[in-house]
Every structure is written in C-alpha cells, then in structure tokens.
Amino acid sequence: MNLILINQYYPPDVAPTGLMLEAVAEELAALGHHVTILCSRGGYGGQKDDAAGPRSTSDGIEVLRCWSTAYGRRGFLGKIADYASFYLGVAWGLCTARRPDRVVALTTPPYLSVMARVFSKLLGADHAHWVMDLYPDVMSAHGLLDARSIPYRLLSRVARFGFGGSRCAEVITLGPDMAKLTGHYTPDHVALSWIPLWGTESVEENEGDAEEQTRALRRKRDWGDDETIVMYSGNMGLGHRFGEILDAAAGFRRGSGLRFVFFGEGKRRKEIEEFIARHPEAPVELHGYVPRDELAGHLRSADVHLASLEPAWDGTMVPSKLQGIFAAGRPVIFVGTHASSIGTWVRESGGGWVVEPGDSQAMKAALEQAMDEGQCETRGTFAQGFSSAHFDKRRNSQEVARLMVRKR
C-alpha cells in the first residue's frame, strides 16, 4: 500500500509525536509498504530542520519537509502562523507526492483530518487518523472555548466531517477514555480503536551498570541515599495539577527524609516557583528539562514519580509520561481521576497510587507508603512488568501500523 502520513513534526525534530510516528513508519516500511511523510521544516522549539533537507529517503521512508514558518512555541500568533503555513505546505505536498492509496493524518496541527478527507477524495484514496489530541475538546479543557458556545459546536461539526465519510478506514486513539470521547465524532461504520503509546527513552542497559549510574547521579545532585526522592519530570502545562502535591510538600521540612524535585518547563512552573518562595523551609527544588539522552538514568534516580492530569482533560489527550516511568521500574503517584486512562493503568498494574483531585488525605497516605522502601520496590516491579506487557515499543508500533493499513 502507498501511504502518506501527515504530522507537523518528524525526526530529527525531538517532538514526541514525531518520534512516535517514526517508529510506526519504520514498521510500515518493514512490511513492504511505501511510506511518505509530510512534515514541516520548522522545529518543535522554533528551529529550522534545514540540515535534513526538504526531501530525503531512508530505509524505504520518503520524507517531504514542507516549508512553513518556524515560530515554534513562542506565542499564540506564531503558532497560528506555523499552522496556517503548514496547511498550505501539506496541500502542495499532497498534490505533488506519489499518488497514495491511503492518507493518514495525526492531529498536529489541529484538524489535519479535514485535509486528509478532502484530498484523499481528490486523489482517489481513503483516509485514516491517529489521534494524539482531540479537538475541539482540548480547547474546551484549556478554557479557550465554552462547550456550550456556537464556535465549539461549529468546530465539533468540523471534527465530525474530518473523521466521517464512507472512505474513512480507521481512527486510532491512545487510551480507553480517549476512544470513548472520540466516538462522539465518528460514524458507526468507522473502526475506532486505542493503542497506548510507549516511552521515547532507552532503558535497555545492564541492570548493575544502570543502578551504579543511578547512585552516581544521586550523589552528583546531592541527594542522600537514605532520602526518598519524589520527582515530577516533564511538561508543566495547564493540563496538569500541582496543588495537592505542593500542599503535601508544605507539611515536610528539609532533613525529614523526603525530597520533592521538579524538572521541566511550562505555564504552571511559576506556581512551583511561588511556592518555593513562600515555603523556603520545604524540601522542594526546581530544575529545567533534562536532555533526552540522559532521561533514562534521570527517571531511575527518583524513588517515586509524580504525574497529574486535570479531570477536564480526560480523554482529550493521554500523556506518555507514565510509560517512561514504568519502563524505568519506578512507581507513580497520579493525581487525577480513577476513570482516566492513566488512572486505570496505575490501578490495574499495582504500580502506584491514584489520588483523586482534592483528596489531601489520599495524597498523604500515598507519600507515607512511598517512604517505605519495600512498598516502592514492590510497586516498581509491578510497574515494570506492566510496561513490558502493555507499553512495549515494538509491539505497540506494530499494532498501530497494522491498523493503519487494515482494509475497510
């Protein structure tokens, strides 16, 4: 089958959606399909991928990098300019690329589904979709649109159009809650499924070497061997919650045996900065992002991890933070709903604790148990086992590839 896969980002760009797409594209090529990637020359952080060139072919995958602006994540208007110019580049790419049998759209930028449906018809192909973020629900969760407003209703119709039509072959989502929510926009005849993502960091190292590197990293960071390190690592965006975590941290003092460490950036980072200024005695420290090639050891350096998701975002996205944590063999305290995909996986795995938003007692109990070394080790073992069974990169990317080429 001749496939065109569309996403704004693709390696060497480091955006997670591009890294996931690369794994699936490689599986499709290995199956003998001809794969063309339509992506942007503008990078995730606002840099141009000029070194990659506008057109390249490797291992049976042809990559066409469409011209677009490259403001990256530096403001709303810049993002709109990147989106609009990329839409135009995709339209040109679809008209000039090898004629496809199927056009597969991801969801960066939003509503690529519409272009996939329209151009697939013009090209005599069918279309499929891999949903990473569900619009317009993301905009409602973000507070940009009221779910009762006319613009929201109009954009909902646009979403239904993109996923609709007799030529829509498949819609793939990331978890059970996302599949349920996406079902509001897909007609009954369209196959709707979910496959979890996988971690983008490598943890395939000798266990003895890995543990020695972990101890060395803890010493470098001046973390005591007898301390319980509770880590949040990643994006600190509006979809995440920190209130319950920081409220709990306020009840501890330096030298108490518990240390809260935050690594990352995002719009809610200021919330943590302000907390540290108000509570200098609390065992809390704040750092920037960790380079990707150091991420596996970084995740192992914690005893227990933190993750969170605002309930309004349930089903609109399924962050892949949990996959990296579980692969590292560490348990997680998740602040979010039990019904969310992450909450469901944490409960089913036994690899951590689920704290419902606002439940300070549950957070306190989870931290007390996390300070028990035996509890952490047991739950970490469960987490790693669940990761091997459900978040395996090769197995899951193969399954996504299989669904992308499944006949209608």
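The values are calculated or read from the model by the stated rules, or taken from the named source; none is laboratory data. In this text the structure is predicted, and so the values were computed from the model without any measurement. Note that each Cβ is placed from the backbone with ideal geometry, even for glycine, and that neighbours are counted across all protein chains shown.
Got a number for residues in region 383-408 being more than 21 Å from Arg102 (Cα to Cα) and of a type outside the set (S, T, N, Q)?
Total meeting the criteria: 10.
Please determine whether any residue of region 353-364 is assigned to a helix (DSSP H, G or I) and crowded, with 16+ Cβ neighbours inside 10 Å.
yes
Can you pull out every residue in region 112-133 that is over 21 Å from Ser397 (Cβ atoms) and either aliphatic (A, V, I, L, M) or surrounded by 24 or more Cβ atoms within 10 Å (Cβ to Cβ) (or both)?
Scanning region 112-133 gives Ser113, Val114, Met115, Val118, Ser120, Leu122, Leu123, Ala125.
So how many residues does region 136-151 have that are among the acidic types (Asp, Glu) and either assigned to a helix (DSSP H, G or I) or crowded, with 19+ Cβ neighbours inside 10 Å (or both)?
1
Output the number of the condition that Pro319 fails; it satisfies all remaining conditions of (1) under 26 Å from Gly257 (Cα atoms); (2) not in a helix (DSSP H, G or I).
Of the numbered conditions (1) under 26 Å from Gly257 (Cα atoms); (2) not in a helix (DSSP H, G or I), the odd one out for Pro319 is (1).
Can you report the number of residues in region 324-352 which are outside any helix (DSSP H, G or I) and of a type in the set (A, V, I, L, M, F, W, C)?
Within region 324-352, residues that are outside any helix (DSSP H, G or I) and of a type in the set (A, V, I, L, M, F, W, C) number 6.
Does Asp133 satisfy the condition of being outside the structural domain of Gln375 (by TED's automatic domain parsing), part of a helix (DSSP H, G or I) and either touching a residue at least 60 places away in the same chain (Cβ under 8 Å) or farther than 30 Å from Leu3 by Cα (or both)?
No, not satisfied.
Checking Tyr289 against (1) of a type in the set (Phe, Trp, Tyr); (2) more than 14 Å from Gly199 (Cβ to Cβ); (3) touching a His at 6+ places or on another chain (Cβ under 9 Å): exactly one of these is not met. Which one?
Going through (1) of a type in the set (Phe, Trp, Tyr); (2) more than 14 Å from Gly199 (Cβ to Cβ); (3) touching a His at 6+ places or on another chain (Cβ under 9 Å) one by one, Tyr289 breaks only (3).
Collect the residues in region 242-258 that are under 21 Å from Asp226 (Cα atoms), of a type in the set (A, V, I, L, M) and either in contact with a helix residue (DSSP H, G or I) (Cβ under 6 Å, 6 or more places away or on another chain) or in a loop (DSSP other than H, G, I, E, B) (or both), keeping them in residue-number order.
Of everything in region 242-258, those that are under 21 Å from Asp226 (Cα atoms), of a type in the set (A, V, I, L, M) and either in contact with a helix residue (DSSP H, G or I) (Cβ under 6 Å, 6 or more places away or on another chain) or in a loop (DSSP other than H, G, I, E, B) (or both) turn out to be Ala248, Ala250.
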